[in-house]
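K.L.:
I am attaching a structure below and will ask some questions about it afterwards.
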Amino acid sequence: MSDIQRIGVLTGGGDCPGLNAVIRAVTKTAILEHGLEVVGIADGFLGLVENRTRPLTEADVSGILTRGGTILGSNNKCNPRKFAQVNEDGSYEIIDVTDRCMATIEAHQLDALVVIGGDGTMACAKNFTDLGVNCIGVPKTIDNDLVGTDVTFGFATAVATATRAIDQIHDTAASHHRAMVVEVMGRNAGWIALHAGMASGSDIILLPEIPFELGRVCEVVRQRRESGKGCSIICISEGAKEIGGEQVVKRFDPTSPDPVRLGGIGRLLTEQVEAETKIETRNTVLGYTQRGGTPVPEDRLLGTQFGHKAIEVLLSGQKNRLIVMHGREVTHAPLEAAAGKQRTVPLDYPMLAAARAVGTSFGV
């Protein structure tokens, strides 16, 4: 018999489609199947730091399955072990506020936490498991880069959004006989660029895992023009870089646990391609459009399965587990397996071979 009576649930890191599906499944499974109490923690780990919580009832999570974002709010800057305390003069200092989080957990008599997030969120959760808090992780990221699971919810919707956008951009590219560069998210992993690039029939796909040669990219664009093809579509991941080059950093935020924000490689490549080929080239950055919107059915179903499994694993007596998808099976693995790690596209990934077979260039 489980001694779990009250659980907390939080969503950490960036928002993504499907978060509400998980919150709904966790809450309804806990209440309807097991009679537990559920406490929602606001804005990720920041809610634990500032003691901001609210009870979650069945009514609170009704009607949220189709909504993007998260009803609990999120935060991608708060690491309790490295918390940026801002002073009155605008300066800041990095301090450890784990004790505040533990006080919140004790004040609300939380027997366990369901922590929904990516690699950074799981790294934060690992700190609490070391202090004896039972944490069940649910893998969330549009980047699909969490180690230990074949897929994360949010990825399918992000790919659908990016694919739809590239399809629309293709119309303008063809009408004006241009080369179009579309920059998508993904950090150091090229999953979104690869899947959206393939699905949209992009002519060139540039990934962080395969540094590209600018001359080769320009050659492909030039050859397409000379062969009578009216346009070229280049799908580039924000973390892509030239051979021997560096990733383009949009900004650096020293107050964040993940201080490097990538972005700008699409604009840079656009300028270089146009200068080298003399072909009119335009750039589009999809940005946060990939993180929002109504989740596609695949993400709603995956989020629901993950949320249900989280409660079942928790009440089976398991501790500090990560809910994962292996093949078609929803199962679980050690939480620490995903903490602070990123899953990138393997160079032997079958889709790469399929892309090359239909004439897609990876810039090399």
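No lab work stands behind these numbers, since they all come straight from the coordinates. Quick caveat: nothing in here was measured; it's all calculated off a predicted structure. Here the Cβ is made from the backbone with ideal geometry for all residues, glycine too, and neighbour counts use every protein chain on show.
K.L.:
In whole Hz, what ³J(HN,Hα) sequence does the range 53-58 give by Karplus (6.51, -1.76, 1.60; θ = phi - 60°), x for Gly and Pro?
P.N.:
The phi angles translate into 9, 7, x, 10, 10, 4 Hz.
K.L.:
At 7 Å along Cα-to-Cβ for each site, give me the label-to-label distance between His176 and Arg54 in nm.
P.N.:
Once both label points are built, they end up 4.5 nm from each other.
K.L.:
Let me ask another. Return the distance in nm (one decimal) between the two label points of a simple spin-label model at Phe252 and Val364, each offset 7 Å from Cα along Cα→Cβ.
P.N.:
According to this spin-label approximation, the distance is 2.8 nm.
K.L.:
What order do you get for Lys229, Lys140, Lys241 when you list them from fewest to most C-beta neighbours inside 10 Å?
P.N.:
Lys229, Lys241, Lys140
K.L.:
Over the chain, calculate the relative contact order: mean separation of alpha carbon pairs under 8 Å at least 6 apart, over the residue count, as a percent.
P.N.:
Value for the chain: 23 percent.
K.L.:
Among Leu302, Leu36, which comes first, then next, by fewest other beta-carbon atoms within 10 Å?
P.N.:
In order of increasing Cβ crowding within 10 Å: Leu36, Leu302.
K.L.:
Which loop-located GluC sites (Glu not before Pro) does the range 245-347 contain, where loop means any DSSP state but H, G, I, E or B and the Cβ has at most 10 other Cβ atoms within 10 Å?
P.N.:
Listed in order of number, the matching sites are Glu246.
K.L.:
Which of Ile265, Ile31, Ile41 ends up with the largest GNM mean-square fluctuation for the chain, with Cα atoms connected below 10 Å?
P.N.:
Maximum fluctuation in the GNM of the chain, among the listed residues, is at Ile31.
K.L.:
Roughly speaking, what is the stretch gain from Ala337 to Gln109, that is 0.36 nm per residue apart minus the C-alpha to C-alpha distance, in nm to one decimal?
P.N.:
On the way: separation 228, 0.36 × 228 = 82.08 nm, distance 2.76 nm.
The span from Ala337 to Gln109 would gain 79.3 nm if fully extended.
K.L.:
Quick check on the exposure proxy: order His34, His332, His176 from fewest to most C-beta atoms within 10 angstrom.
P.N.:
His176, His34, His332
K.L.:
Can you give the FRET efficiency for Leu347 and Thr294, using 1/(1 + (r/R0)^6), R0 = 30 Å, r = Cβ-Cβ distance, to the nearest 0.05?
P.N.:
On the way: r = 34 Å, r/R0 = 1.14.
Approximately 0.30, to the nearest 0.05.
K.L.:
Tell me the label-point distance for the pair Ile71, Arg6, using the 7 Å Cα-to-Cβ offset, in nm and rounded to one decimal.
P.N.:
In this crude label model, Ile71 to Arg6 measures out at 2.0 nm.
K.L.:
What is the set of long-range amide H partners of Ile236 at a cut-off below 5 Å, with H atoms built 1.01 Å from backbone N?
P.N.:
Val182, Glu183, Val184, Leu206
K.L.:
Relative contact order (percent) for the range 21-140, with alpha-carbon contacts under 8 angstrom and 6 or more residues of separation?
P.N.:
On the way: 155 pairs, mean separation 23.8, N = 120.
Averaging sequence separation for qualifying contacts and normalising by length gives 20 percent for the range 21-140.
K.L.:
Which of these values of P(r) over Cα pairs in 20 Å bins from 0, in percent was calculated from the structure shown: (i) 26, 47, 22, 5, 0; (ii) 30, 50, 19, 1; (iii) 26, 55, 20, 0?
P.N.:
(ii)
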